[in-house]
1. Any chance you could list the semi-axes, whole Å, largest first, of the equivalent ellipsoid that the Cα gyration tensor gives for the stretch 12-121, using √(5λ)?
2. Extension gain residue 72-residue 3, at 0.36 nm per residue separation less the Cα-Cα distance, in nm?
3. So what is the calculated 222 nm ellipticity per residue for the chain, using -39500 (n - 2.57) for each DSSP H run with n of 4 or more, over all residues, to the nearest 500 deg cm²/dmol?
4. Have a look at the DSSP beta bridges in the stretch 5-109 and tell me what percent are antiparallel, nearest 5.
5. Sticking with the crude label model, points 7 Å out along Cα→Cβ, report the distance from residue 29 to residue 105 in nm, one decimal please.
């Protein structure tokens, strides 16, 4: 199934806007969430084809939200790409163990992100 609808989850309005513009220009329909808690609600409402998840956010972090999505029958088939400034190898391994399908480090390179999205679609 091709990926068309993407939910961008990031507490930074600047990062959210940057990713939204990058993805919109590439033909994706993008919606946003400013927190993990908001994202968990929106995923069930919108049923996006992909979630782009930040890690460092107030309240629940992106690792916890990714684990919640990947353990829920209703959302476990929606791929998550973690998009974070946390670029250590241990962060990447932990993110993938939580259920993420890919991990990109900020600042995001458009070609890298689009290649990962394409590989999942």
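1. Here the semi-axes work out to 18, 16, 14 Å.
2. 22.8 nm
3. -13500 deg cm²/dmol
4. Here the antiparallel bridges make up roughly 0 percent for the stretch 5-109.
5. 3.5 nm
Each reported figure results from applying straightforward, stated rules to the coordinates on display, with no laboratory input. None of the values given here were measured: they were computed from a predicted structure. No Cβ is skipped: glycine too gets one built from the backbone with ideal geometry, and neighbour counts run over all protein chains shown.
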